[in-house]
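Heads up: the structure comes next, in C-alpha cells.
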Amino acid sequence: MSVRDWPIKRKLTAILVVISGLVLLLTSAAFAGYQYWSLRQATRDALSVRGRIIAANSTASLAFSNEADARELLSALRADPHIVAAVLYDKAGHVFAAYPADLAGNAVPAAPGPDGYRFERRRLIGFQPVEEAGSQRLGTLYLASDLEAVYDTLRLSVVIGLAVMGVALLAAYLLSMVLQGTISQPILALAETAKAVSTRQDYSVRAPKLGEDELGALTDAFNQMLGRIEDQNRALRASQDELQRYASELERRVEERTHELQERNESLRRNAAELLAANTELDAFAYSVSHDLRAPLRSIDGFSQVLLEDYAAQLDEAGRQSLHRVRAASQRMGTLIDDLLKLARVTRAEMRTEDVDLSGMARDIAAELQRATPERQVEFAIAAGLKARGDARLLRVALDNLLRNGWKYTARRPGARVEFASVDANGGQAFMVRDNGAGFDMKYADKLFGVFQRLHSAAEFEGTGVGLATVRRIINRHGGRIWAEGAVDQGATFYFTL
Amino acid sequence: MAFLRVTTALLLVCAARLGAQTGKASEAQVKAVFLFNFAQFVDWPPTAFPDTETPFVIGVLGADPFQGFLDQTVRGEQLRGRAFQVRRYRSVEEIKTCHILFISGPTGDRLDEITASLKNRPILTVGDDDGFAERGGMIRFVTDRSRIRLQINPQAAEAAHLTISSKLLRVAEVITPVGR
C-alpha cells in the first residue's frame, strides 16, 4: 500500500513522528557536532596546558643535560592514558628524552616540527617550545595524544542521543496517536457519513460536527449540501411522478386514438370492399352494356347498308347522305365500344408474369404500323436489349397504345420521329416513349390518362380517349407509374416504370 | 656566489650534525654552555645591576679552560635585554661588576681567600675542584663517566643574596657544607 493510500490517522501519526524525528535528529547532530568540535578544542587546550607545564619543568633538565630528570618528568604522563608519546628535543633538535621508555624510534618525528598543536591522523600532536622565561630557547617538547577521549565521549553522546531519540519518538508517536484524533475524527466522521450516503443513497443522514474550525465549516457545508440534495431529490421525485402521470395519460390517449383509427380503418376497409364491389359491378355493367349495345349497333349499320345498296334509287341525295352519316356514326360507336371492352378486359384479365423483350415487341409494333400505312414516313428509334418482367399480353397492349399514339400525333410533322428508350428516373429504371408530334399543354397533363378525356378534336386526330386510360390501368396493375411531359407543338414524352 | 653560499651552509650543517651524532661535544664546550645557562636559573638582587645598560658579566678567574667556547656561546645572546660579556681576571681584586665567576683549576686553600674577599657580593661562584661546593663555592661541575653533573651549595648562594631556581636544584646534587 503506497503512502498515498494510508488511512488519514496513520498519515497524521507518520507526519508527526517524521517531523519530530527529523527535528531530534538535526538537533542531536548539531549538538554532537558542537560537542565534537568543543571536545577537540578542550582536548587541545588541555594538551597545550600540559605541554606548557612540562616544558616549563624541563628547562633545567635540558639546560644542564640531565636526561634522567627529563625521563622522570615525562614519565609523569603515565597518569594520562591518552598520551601515546612524548619527546624532548634538545636545542639542536636531537631526541633528548622520550616517553614511554620503549618508544620505537620511528613512532615520533626525528626532528621537531613547527610549534603549535594540531590534529593529525586521528591524533592530536603538539610541539611546545622549551625556554626559560625571557631567554633563549632550550629545546622542544613533542606530545601526541590519541583522541579516544573525544571519541568515547562522542560515542556516549551518540548512544544517549539515540536513546533520547527513541524515547522521544515513542512519546511523539503516543502523543500523536492521541492528538491526531482532533483532526482525523471530524474527517473520519465526514467520510463515514459520505460512505453511508453513497451506499444507502440516504440523504437524510448528517455528519456530526466536532468543532468550530475549518473542518467544522466543512462539515456544515457538507451537511448543507446533503440537505440541498435531499430537497432536490424530493423535487425530482415529484416531477417524476408528474411525468409518470402525463405519460400514462398520453398512453391512454394514444390507445384511444389507435382504437379510433382501427375503427376508422375498419370502416375504410368496408368502404373499399363496397367500392370494389360497386366498381366490379360497374365494370360488369359497362361490359354487358357495351356487349349488348353491339348487336343493335350492328343492326343499325347493317340495315343502313341494305338501305344504301338496295333502295338507293328510291332515295334522293340528302337521304343517301344521311344514311352514310348514320353508318359512319354507328361504326365509330362500334370502335368506341370495342375500346371500352378492351379496357374492361385489361382490368379483368389475369396477370401472368414472365420475362418480356420490350425492344423486340416495340420493333414488331413499329413494323405493323408501317405495314398498315406504308405512305407515312416515320423514323422509329428503338433502343436494343430493353427487358422487363410482366404480363406479355398486357404490356404489348400498353406499348402498342403508346407507339401508336406517337405515330398518330406526328402525322402532320415532316421528319416524324418516335423513340423508345430507357432512362434513369430517381435512381430506378424508367422507360420512355418520345415523339416530336403535336404535343400538349402541361396544364392538362393530369387529364391525359382519364377515360374519354381528349386534348384534341376527333377531326384533328381520330381517337376514342380510351387508349391512355388503358395504358395507365396496365401500368398500375404492374405496380408501376406513368407520367407525361410535353408542350404544344414540341412533342410529348411518356415515361413509365414497371 | 649564491651557489657557493648554499654549499657552504650545507657543509656547515653536515659538520654540525656529524659532531652531534658522535655526541661528544667537548667537556669545555658543555661547561661553557652550562655557565651561560646558569644565568637563566639564578636570580640576582637588583643591586647587581646598577643601571639598565649594565651587561651580564661572566668572569673567569685564573687560567681560561674554555678554549674560546665561552665567548662563542654568549656571542649575540641577551638576557632580559642585557648583553653578555666575558671577562677574565688574574686576581680577585680585579673583579668589579661580575655575575657569574668561574674559578678555574685546583683552588686548595685559595678558595677560602677568594670567598672571603668576595664577601657575599652577589656573584655566583662556579668551579670544578674537588669539594668546591663543600668549601664555600656555590656550584661545582662534576665529571662523571663523560657526563657533567652539578653540585650546588644553596646556603652559599643564599648568603650572597642569590636565588637559585628550584628547577636547577632538582637537576643538581644539593651539598650542605661541613663545619659551618
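For region A:490-498, 3J(HN,Hα) computed residue by residue from phi via the Karplus equation (6.51, -1.76, 1.60; θ = phi - 60°) reads 10, x, 10, 10, 10, 10, 8, 10, 10 Hz, glycine and proline entered as x. With helices as the sole contributors, chain A gives -21000 deg cm²/dmol at 222 nm; each DSSP H run of n ≥ 4 counts as -39500 (n - 2.57), and the sum is divided by every residue.
The contact between chain B and chain A removes approximately 1700 Å² from the accessible area (both sides summed; 1.4 Å probe; ligands, DNA and RNA excluded). Axis angle, to the nearest 10 degrees, between helix A:8-57 and the longest C-alpha principal axis of chain A: 30 degrees. Pairwise Cα distances in region B:103-165 exceed 14 Å for 52 percent of all pairs.
Rolled with a 1.4 Å probe across the full set of protein chains, the surface gives A:Arg396 an accessible area near 80 Å². Using bins of 10 Å that start at zero, the share of Cα-Cα pairs per bin across region A:351-496 amounts to 11, 44, 37, 8, 0, in whole %. Judged by the mean number of other Cβ atoms found within 10 Å, the most tightly packed of the peptides A:113-123, A:90-100, A:51-61 leads the ranking A:51-61, A:90-100, A:113-123. How large is log10 I(q)/I(0) at q = 0.17 Å⁻¹ when the Debye formula is applied to the Cα atoms of region A:3-177, each weighted equally and without solvent? Log10 I(q)/I(0), no solvent term: -0.97. Counting only protein heavy atoms and a 1.4 Å probe, the protein assembly as shown has 59 square angstrom of accessible area per residue.
Per residue, the average separation of C-alpha pairs within less than 8 Å and at least 6 apart gives chain A a relative contact order of 9 percent. Inter-chain Cβ neighbour count for A:419-431, averaged per residue, equals 0 (cutoff 10 Å, partner chain atoms only).
Taking all C-alpha pairs of region A:206-348, those more than 22 Å from each other amount to 73 percent.
Bridging of A:Lys9 to aspartates and glutamates at a Cα separation below 12 Å is possible for none of them, once same-chain residues fewer than 8 apart are set aside. Take the Cα of A:Ala171, go 7 Å toward its beta carbon, and the backbone nitrogen atoms of region A:15-34 under 18 Å from that spot belong to A:16-29, A:31. Working ranking of peptides A:230-236, A:17-23 by packing, defined as the average number of other Cβ atoms within 10 Å per residue, highest first, is A:17-23, A:230-236.
In the structure shown, the pairs A:Lys91/B:Lys119; A:Lys11/A:Lys195; A:Lys387/A:Lys447; B:Lys96/B:Lys167; A:Lys342/A:Lys447 are assessed against 26 Å; a Cα-Cα span above that value is assigned to A:Lys91/B:Lys119; A:Lys387/A:Lys447; B:Lys96/B:Lys167.
Would you work out what percent of the accessible area of region A:206-348, with all protein chains in place, is carbon or sulfur (probe 1.4 Å)? The C+S portion of the solvent-accessible surface of region A:206-348 is 56 percent.
Distance from the alpha carbon centroid of region A:460-486 to that of region A:311-355 works out to 21 angstrom. Counts of other chain beta carbons within 10 angstrom of each beta carbon in peptide B:70-79 average 1. In the distance distribution for region A:211-279, Cα-Cα pairs more than 14 Å apart total 77 percent. Working from Cα positions, state the angle (0 to 90°, nearest 10) between the long axis of helix A:317-348 and the longest principal axis of chain A. Roughly 30 degrees between the two axes.
Would you mind giving the mean number of other chain beta-carbons within 10 Å of the Cβ of each residue in A:62-74, as a whole number?
Neighbouring Cβ atoms belonging to other protein chains average 4 per residue here.
For the protein assembly as shown, the percent of C-alpha pairs falling in each 20 Å distance bin, counted from 0 to the bin holding the largest distance, reads 11, 19, 10, 7, 9, 8, 7, 10, 11, 6, 2, 0. How far, in degrees from 0 to 90, does helix A:358-372 lean away from the longest principal axis of the Cα atoms of chain A, to the nearest 10? So the inclination is approximately 20 degrees.
Straight Cα distances below 16 angstrom link A:Lys443 to the aspartates and glutamates A:Glu485, A:Asp489, with same-chain residues fewer than 8 positions distant left out.
Applying 1/(1 + (r/R0)^6) with R0 = 56 Å to the Cβ-Cβ distance of B:Arg80 and A:Asp152 gives a FRET efficiency near 0.80.
The values are calculated or read from the model by the stated rules, or taken from the named source; none is laboratory data. Given the structure is predicted, the values throughout are model-derived calculations rather than measurements. Every residue, glycine among them, receives a Cβ derived from its backbone with ideal geometry; neighbour counts consider all protein chains shown. Accessible surface areas use protein heavy atoms only, side chains included; no ligands, DNA or RNA. Shrake-Rupley method; radii C 1.70, N 1.55, O 1.52, S 1.80 Å.
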